[in-house]
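K.L.:
My questions all concern the structure below.
The values are calculated or read from the model by the stated rules, or taken from the named source; none is laboratory data. Only a predicted model underlies this, so the values are computations on that prediction, with no experimental measurement involved. Note that we place each Cβ from the backbone using ideal geometry, even for glycine, and neighbour counts take in every protein chain shown. Just the protein is used for accessible areas: all its heavy atoms, side chains included, with ligands, DNA and RNA removed. Shrake-Rupley method; radii C 1.70, N 1.55, O 1.52, S 1.80 Å.
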Amino acid sequence: MKTTFEELYDKYHQDLFQYIFYMVKDKQQTEDIVQEVYIKVLRSYQHFKGESSEKTWLFSIARHVTFDYFRKLKRQRNKFLEFFNWGKEGETLQSDQQAPEEYVMLDDRMKQIYQCMERCSNDQKQVIILRYIQDFNIKETAEILNWSTSKVKTTQHRALKVLQQCMMTSLREEEGYHEES
Amino acid sequence: MKNHKSNDEHLKELLRKLPKIEDKRTKDDIFQQIQAQMKQDKGTSRKKRSFIWVPMLATACAALLIFVIIQGQDFSRSYDQSTSEMADDSDVDTFDNADGETSATEESREAEIFDKAEIQDNINEEYRYLLDMGDEEDASYMAFLTEQGQHIIPITILNSNFSYHQINEYIDLAENGLYDIGIRDIQFERNNQKIIATFTDSFELQPSGNNYSSFEKVLAFMFGPLGIEEIQFENYHAILDEGAISNNLYPISPVEQVPFKIYQYNNGSEWFAAKTDGTFKTLTRALEDMKIAEPEFNIQPSIPEDTVIETEDQTAGQVFVSLSSAQIGDNQITIQMIEAILATASTYGYQEVMFSIGIDQIGKYDLSEPIQTTDQINIIQ
């Protein structure tokens with residue numbers, strides 16, 4: 001088991017960490033999810049038939065585990081909302097995200113895009129991460145997500161539109177703030 | 001005002017520059033955590049198993065009791081069962097036969113699949129392509145009017161040694177319903193980015209506004225793709241009076257904003273055709289026009305009429321085109337549609353088109369990636 005783990009770690013760990021981090025934006029949660037991914041992978045490695053590439057297989061498991069995490073988070077949030085009977089304010093509740101030190105070092109523009117990613121749906125976000133941060137091509141992204149390439153392209157297109165609008169809004173707000181001051 | 005470069009390309013650049021977030025734990029740390037978690041999971045599942053043991057046992061006992069009661073009561077059913085056992089025996093033979101049949105069926109199914117694949121290959125080979133994305137230097141261009149003169153058919157000859165007078169060796173103009181405005185009666189010589197042209201005595205185009213407009217467009221289709229900006233006419237012809245030409249120096253206007261539809265004459269050959277008059281300001285409007293047939297001019301739509309079209313600029317040179325129609329599939333109509341859009345998009349200044357039509361590959365086109373546009377239209381090898 002250790003050998004399998006080491007091989008997977010050497011080949012994919014940083015990519016895997018990166019993908020999950022940008023989905024959840026929390027290092028602690030990322031560490032937990034990555035661990036969960038490895039457990040699932042190691043338990044089912046003997047059943048891996050090689051129908052897709054190892055990397056694609058690993059990332060599709062990562063995707064499922066990450067989405068399980070989101071579902072869990074949503075359930076918790078709903079319970080919380082019911083308990084306090086909160087309305088819209090409660091819907092904006094996030095996991096206790098702590099900005100990583102890498103974020104602090106970013107310039108304003110990069111911080112904006114980092115923040116704007118949160119305006120995308122989870123589907124849009126994962127396409128953006130896989131395509132641009134992870135540098136997967138459209139075919140590989142489609143394989144990981146088990147989608148058609150058309151769906152990847154359409155989602156990518158919409159995600160870029162959301163980001164574009166968010167960046168424009170941030171820019172306008174920034175300009176308005178400068179004019180006021 | 002700052003230049004914020006708020007376009008998709010810039011966005012992608014920013015996304016690519018997002019920091020690489022590193023996991024600072026060591027490989028061993030992670031492995032130990034995984035091992036600990038797996039052990040813990042095992043322990044939990046064992047505990048869970050011991051908890052469920054009692055109700056499982058109770059359920060099994062109840063099931064056994066019910067089974068014994070039913071067995072004791074239902075004699076007629078046991079008779080039926082023995083009959084059905086006999087039937088089962090005969091089924092064994094049948095099954096053996098079926099096994100033989102199954103393997104035969106499988107073989108024939110495999111053969112069928114193979115045949116289908118072969119047919120598919122043939123279909124792919126049989127697709128007729130009207131565009132080429134090859135080296136432009138090997139191509140020569142000509143353009144002809146349709147029979148009624150409402151459309152222009154640009155032709156690309158993929159032979160660097162081609163001379164305009166040889167066109168009859170490549171295509172039968174009359175048979176294809178094409179009309180030469182008089183190109184073969186002009187001698188052209190290329191001098192870098194300039195063309196020197198001489199009207200021969202046989203050039204007979206009547207001077208008129210319409211004829212001049214068609215003449216202008218034919219020249220644009222012929223020399224625009226070569227990057228030629230002007231033609232120097234060495235002698236005079238009255239047609240030149242129709243335009244604002246000084247010193248017989250004729251500027252070539254680029255081919256812009258032109259939708260391509262299908263021209264099909266009596267012999268059944270199909271060619272991409274551009275209207276001689278009227279352009280559309282946006283690609284979307286051009287694509288919508290490409291859905292409309294003009295039977296009076298032997299013009300068919302290059303995009304199926306029921307198609308729902310969405311377009312959006314991706315970057316300065318790339319456009320996203322989403323099309324949905326019941327007619328889209330692995331067929332010649334779809335090939336024609338893709339090629340017509342590529343040719344049209346080129347006249348709107350796009351270098352690439354990203355298609356979303358629900359198919360990833362058709363013929364030679366990999367639609368999972370952006371496809372290069374081209375002005376090499378209606379190719380003849």
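K.L.:
Could you grab me the full set of residues in the range B:1-45 that are among the polar types (S, T, N, Q), at pLDDT 85 or above and either open to solvent by less than 50 Å² (accessible area, probe 1.4 Å) or part of a helix (DSSP H, G or I) (or both)?
P.N.:
Selection gives B:GLN32, B:GLN33, B:GLN35.
K.L.:
Name the residue, out of B:GLY278, B:GLY268, B:GLY329, that is surrounded by fewer than 16 Cβ atoms within 10 Å (Cβ to Cβ) and within 18 Å of the chain's Cα centre (by Cα).
P.N.:
B:GLY329
K.L.:
Looking at B:ASP121, B:ASP180 in this structure, which one is among the charged types (D, E, K, R) and at pLDDT below 90?
P.N.:
Checking each option against the conditions leaves just B:ASP121.
K.L.:
Next up: State all residues of the range B:198-218 that are open to solvent by 60 Å² or more (accessible area, probe 1.4 Å) and in a strand (DSSP E or B); if no residue qualifies, say none.
P.N.:
Result: no residue meets the conditions.
K.L.:
Next question. So which residues in the range B:170-192 are open to solvent by 20 Å² or more (accessible area, probe 1.4 Å) and hydrophobic (A, V, I, L, M, F, W, C), if there are any at all?
P.N.:
B:ALA174, B:PHE188
K.L.:
In this structure, is B:PRO370 open to solvent by 10 Å² or more (accessible area, probe 1.4 Å) and closer than 25 Å to B:THR146 by Cβ?
P.N.:
no
K.L.:
Still on this structure, please answer the following. Taking the residues in the range A:35-64 that are within 13 Å of chain B (Cβ to nearest Cβ), touching a residue at least 24 places away in the same chain (Cβ under 8 Å) and under 23 Å from A:PHE21 (Cα atoms) as candidates, determine which candidate is farthest from the chain's Cα centre (by Cα).
P.N.:
Here the answer is A:LEU42.
K.L.:
Among the residues of the range B:253-281, which ones are without any contact (Cβ under 8 Å) to a residue 24 or more places away in the chain and of a type in the set (S, T, N, Q)?
P.N.:
B:THR279
K.L.:
Continuing with this model, one more query. If you go through the range A:146-155 one residue at a time, how many are more than 9 Å from chain B (Cβ to nearest Cβ) and in a helix (DSSP H, G or I)?
P.N.:
Within the range A:146-155, residues that are more than 9 Å from chain B (Cβ to nearest Cβ) and in a helix (DSSP H, G or I) number 1.
K.L.:
Same structure, new question: Return a yes/no flag: does the range B:232-252 have any residue that is in contact (Cβ under 8 Å) with a residue 60 or more places away in the chain and over 25 Å from the mean Cα position of the chain (by Cα).
P.N.:
Checking the range B:232-252: not a single residue is in contact (Cβ under 8 Å) with a residue 60 or more places away in the chain and over 25 Å from the mean Cα position of the chain (by Cα).
K.L.:
Testing B:THR284 on (1) of a type in the set (Val, Ile, Thr); (2) more than 24 Å from B:ILE379 (Cβ to Cβ); (3) in contact with a Lys or Arg (Cβ under 6 Å, 6 or more places away or on another chain), one condition comes back false. Which one is that?
P.N.:
The number of the failed condition is (3).
K.L.:
In the range A:126-170, how many are among the hydrophobic types (A, V, I, L, M, F, W, C) and open to solvent by 20 Å² or more (accessible area, probe 1.4 Å)?
P.N.:
3
K.L.:
Tally time: how many residues in the range A:131-145 are away from chain B (no Cβ under 11 Å) and of a type in the set (Phe, Trp, Tyr)?
P.N.:
1
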